[in-house]
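The values are calculated or read from the model by the stated rules, or taken from the named source; none is laboratory data. Fair warning: this is a prediction, and the values are worked out from it, not measured in the lab. When we count neighbours, we look across all protein chains shown, and the Cβ atoms used for this are built from the backbone with ideal geometry, even at glycine.
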Amino acid sequence: MAGVHWELRAVDVAGRPLTVRVGPGVAGATPLVHVHGFAVSGRYLLPTAAALADRGTTYVPDLPGHGASPGPRPPLSIPHLADALLGTLDALDLDRVVLVGNSMGGPVSLEAAHQAPDRVAGIVLASPAGGAHNQPLARAVVQLLRDAVREDPRMGRYSLPDYAHYGALPALAAFREMVHFPALERLLRTPVPTLAVIGSRDPLMPPPYRVRELAHLGPGHLTVAVILGAAHAMNYSHPEELAHAVRCWLDGRPITDDLDAHARTRVLQVAQGAAPA
């Protein structure tokens with residue numbers, strides 16, 4: 001987050017206060033809204049958000065019940081969180097945005113695009129969780145535990161306090177909501193240009209060969225890329241690689257390695273689709 005000043009802004013969404021981190025204004029560019037995973041705040045998304053802050057005015061909200069935004073218990077469903085996300089766009093006076101969702105933020109972004117495709121110029125799905133590969137729930141729990149030892153341990157400074165604040169039982173209920181959501185079916189019918197980025201070491205995602213098969217089943221505006229060595233929370237662990245993939249996609253360019261970036265691993269494009277207009 002070095003070099004980027006984040007303004008903390010409180011907005012009203014459905015009668016409740018909601019906290020949003022806002023980056024520097026970028027005139028004439030489509031805003032970028034980063035959407036976090038289950039039971040955590042948006043703080044761990046800031047490395048990638050900072051890397052893209054010059055691309056468009058950047059917003060990192062805490063959805064209702066997460067982080068600094070109060071909300072109901074038990075947790076909201078994916079469709080209700082999508083409603084809250086769209087309400088956040090209204091509160092911020094954002095007509096049309098690019099959504100950048102990680103983990104549960106992927107299904108929430110997809111659902112928002114299905115509900116209001118005119119509001120969403122495009123979606124970036126960084127490790128979008130939920131669906132058949134994460135079912136039944138016991139399988140998803142094992143995947144989550146395997147992922148925990150693969151993540152950058154420094155992320156614990158954000159995730160552990162966030163999980164403790166959210167609570168164990170509500171977190172399990174939120175995880176169940178995410179697992180049961182048909183994310184793959186929603187992805188294969190995405191109504192807007194979509195970039196899906198998968199980490200090759202992410203236990204919650206299908207293996208790369210299966211990702212390649214699924215990519216060819218999607219619409220012509222679906223682009224798929226793989227970050228070698230990344231686990232689930234790539235927005236924190238591999239911000240340069242993810243931001244570079246997003247820039248290439250927004251520009252309509254093939255996603256290839258950026259030799260001038262401070263990247264630690266390779267980014268491979270699996271399928272090329274249409275970019276946002």
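Tabulated values for the structure
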item	result
Scan of the stretch 156-193 for residues that are closer than 15 Å to SER103 by Cα and among the polar types (S, T, N, Q), ordered by number	SER159
Wholly enclosed strands (runs of 3 or more DSSP E) of the stretch 1-63 bearing at least 3 residues touching a residue at least 24 places away in the same chain (Cβ under 8 Å), closer than 22 Å to ILE78 by Cβ and hydrophobic (A, V, I, L, M, F, W, C)	32-35
Residue count for the stretch 157-183, restricted to those that are within 28 Å of PRO276 (Cα to Cα) and surrounded by fewer than 19 Cβ atoms within 10 Å (Cβ to Cβ)	1
Residues that are under 23 Å from ARG253 (Cβ atoms), under 15 Å from the mean Cα position of the chain (by Cα) and among the hydrophobic types (A, V, I, L, M, F, W, C), drawn from the stretch 163-214	LEU187, LEU195, ALA196, VAL197, ILE198
Which numbered condition PRO75 misses (of (1) surrounded by fewer than 20 Cβ atoms within 10 Å (Cβ to Cβ); (2) of a type outside the set (D, E, K, R); (3) more than 15 Å from GLY106 (Cβ to Cβ))	(1)
Unmet criterion (only one of (1) out of contact with any helix residue (DSSP H, G or I) (no Cβ under 8 Å at 6 or more places or on another chain); (2) under 27 Å from LEU184 (Cα atoms); (3) without any contact (Cβ under 8 Å) to a residue 60 or more places away in the chain; (4) crowded, with 22+ Cβ neighbours inside 10 Å) for HIS80	(4)
Count of residues meeting criterion [assigned to a helix (DSSP H, G or I) and buried (at least 24 other Cβ atoms within 10 Å of the Cβ)] in the stretch 90-108	4
Yes/no for THR30 being crowded, with 24+ Cβ neighbours inside 10 Å and either within 20 Å of GLY122 (Cα to Cα) or in contact with a Pro (Cβ under 9 Å, 6 or more places away or on another chain) (or both)	no
Flag for MET178 being of a type outside the set (Val, Ile, Thr) and assigned to a loop (DSSP other than H, G, I, E, B)	no
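For (1) out of contact with any helix residue (DSSP H, G or I) (no Cβ under 9 Å at 6 or more places or on another chain); (2) modelled with pLDDT of 95 or more; (3) aromatic (Phe, Trp, Tyr), each residue gets a yes or a no:
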{"position": "PRO61", "(1), (2), (3)": "no, yes, no"}
{"position": "GLY67", "(1), (2), (3)": "no, no, no"}
{"position": "PRO70", "(1), (2), (3)": "yes, no, no"}
{"position": "THR88", "(1), (2), (3)": "yes, yes, no"}
{"position": "ARG96", "(1), (2), (3)": "no, yes, no"}
{"position": "PRO107", "(1), (2), (3)": "no, yes, no"}
{"position": "ASP118", "(1), (2), (3)": "yes, yes, no"}
{"position": "ILE123", "(1), (2), (3)": "no, yes, no"}
{"position": "GLN135", "(1), (2), (3)": "no, no, no"}
